[in-house]
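These notes concern the structure reproduced below.
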Amino acid sequence: MPIPKVKPREEQDAYVSRCMGAIGSEYDDNKQAVAVCMDSYRRGKKDLEDEAKAKPTDSPVVQRSGDQVVAGQYREDLNPEDLPPHLRRRDLRPDDLELKQP
């Protein structure tokens, strides 16, 4: 049976218990099965953390570019010339923008 994947916010004890139920009978030595599950947990947690760091934010972000305020999403830098004219105004302040979630 394949080694189960770590679920988000799953505690180590809960994962090892679930993993042992899935693969424990495949090993003659219980300590070896526990070691496999512990290693799988550590690797799975690291993968989940790396994935969360790499995932862009879902909320719009307002950033300042020189004297201009530009609206962007996913925390990317935007070229003001690529924006529609109403977002290129020099007098625009972050409080003036009403950002809505898609």
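No lab work stands behind these numbers, since they all come straight from the coordinates. Predicted model only: the values in this text are computed from it and were never measured. Because the Cβ atoms are built from the backbone with ideal geometry, glycine has one as well, and the counts that use them run over all protein chains shown.
Report the FRET efficiency, 1/(1 + (r/R0)^6), for Ala54 and Lys31, where r is their Cβ-Cβ distance and R0 is 25 Å, rounded to 0.05. Before the final figure, lay out the partial values.
Numbers: r = 35 Å, r/R0 = 1.39.
Efficiency, rounded to the nearest 0.05: 0.10.
Its Cα gyration tensor gives the stretch 12-54 an equivalent ellipsoid, and the semi-axes of that ellipsoid, as √(5λ) in whole Å with the largest first, are 24, 9, 7.
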